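Nothing in this text is a laboratory measurement; each read-out follows from the coordinates by a stated rule. Keep in mind it's a predicted model, so treat the numbers as computed, not measured. All Cβ positions, glycine included, derive from the backbone under ideal geometry; neighbour counts span all protein chains shown.
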Ligand code: IMP
C-alpha cells in the first residue's frame, strides 16, 4: 500500500516507514516542489494535522495521505512548546535552538516540575476528505540536561516514564515501541489493515 506523508521532515518519514513496516511504501513531500507551503493556522494538534492532510489530499486526490502534527507539552511551561514545538526558538530554529530554549525557560523557574508529554495526532485523508483521526501520547520527564545523539527534535530532552535514558539515547527500535507516534499509529494500523 502506498502512503504519501504530508511532511518534509525526513526524521518523521523514517519513523513512519519503520513503524508501518515493509508492506507500506512511504513517500513524503521532500521532492514535491510544486506544492504551496501549508500554513499551520490551527490552535490544536488535531486542527493542524487536519489542515495538512486536507491541503495535500486536495492536490493529490488519488493518494492515501497521512499528516502527523506532534509536539512536546511541558507542565511547568503551561503546556509549551505544544503546537509551537517546531518553531519554539523562532521560525528558522534548529532542533538544537529549540532544546536550548526549553532548558533556558526551565532555568528561569524555581525548582520547576519536570513532567511532560509528547503528543501526536495523525489524520488520514483521501480525495480531499478525512477518513480517520487518531492520537497517541508518551508521558515522562524533562531530563536535567540534554543527552544523546539519536532521533530528532526534543528527543535529547525527554525521558519516558519507566526509563532513565532520553529518547535520543535509546535505539530507534525502543523509541518506536513507546513513542507518541507509535501509539497513534497503532490505532491507525487496524484501519489500514496492516
Ligand atoms: P510539526 O512538524 O509541526 O508536527 O512539528 C513537530 C515538532 O515537534 C518537531 O519539529 C519536534 O520539534 C517536535 N517533535 C515531534 N515529535 C517528536 C519526536 O518524536 N521527538 C522529538 N521531537 C518531536
Checklist outcome for this item: So, with points 7 Å from each Cα along the Cβ direction, the residue 44-residue 10 label distance in nm works out to 3.4 nm
Checklist entry - Want the number for residue 127 to residue 37: 0.36 nm per residue separation, take away the alpha-carbon distance, what's left? => result 30.5 nm
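Which of the peptides 60-71, 8-19 is most tightly packed, and how do the rest follow, judged by the mean count of other Cβ atoms within 10 Å per residue? Mind dumping the intermediate values first?
Working: 60-71: 21.5, 8-19: 17.2.
Packing proxy ranking, top to bottom: 60-71, 8-19.
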Checklist outcome for this item: So the angle from the long Cα axis of helix 10-20 to the longest Cα principal axis of the chain, reported in degrees to the nearest 10, equals 70 degrees
Next on the checklist: Helix 45-59 against the longest principal axis of the chain: what's the angle in degrees, Cα atoms only, rounded to the nearest 10?
Outcome noted: 30 degrees
Checklist entry - Packing-wise, with mean Cβ within 10 Å as the measure, how do 148-161, 165-178 rank, highest first? => result 148-161, 165-178
Checklist outcome for this item: Highest GNM mean-square fluctuation among 43, 115, 138, for the chain with Cα springs under 10 Å, belongs to 43
Checklist entry - Hey, rough spin-label estimate for residue 92 and residue 144, points 7 angstrom out along Cα→Cβ, what's it come to in nanometres? => result 3.6 nm
Next on the checklist: Run the numbers for residue 30 and residue 108: contour at 0.36 nm per residue of separation, minus the present Cα-Cα distance, in nm.
Outcome noted: 24.3 nm
Item to check | Where a label projected 7 Å from the Cα of residue 62 along Cα→Cβ would reach, residues of region 16-49 with amide N under 20 Å | outcome: 24-36
Checklist outcome for this item: Relative to the chain, whose Cα atoms define the longest principal axis, helix 180-192 and its Cα axis are tilted in degrees, nearest 10, by 20 degrees
Next on the checklist: Helix-only mean residue ellipticity at 222 nm, the chain, DSSP H runs n ≥ 4 weighted -39,500 (n - 2.57), per residue, nearest 500. What is it?
Outcome noted: -9500 deg cm²/dmol
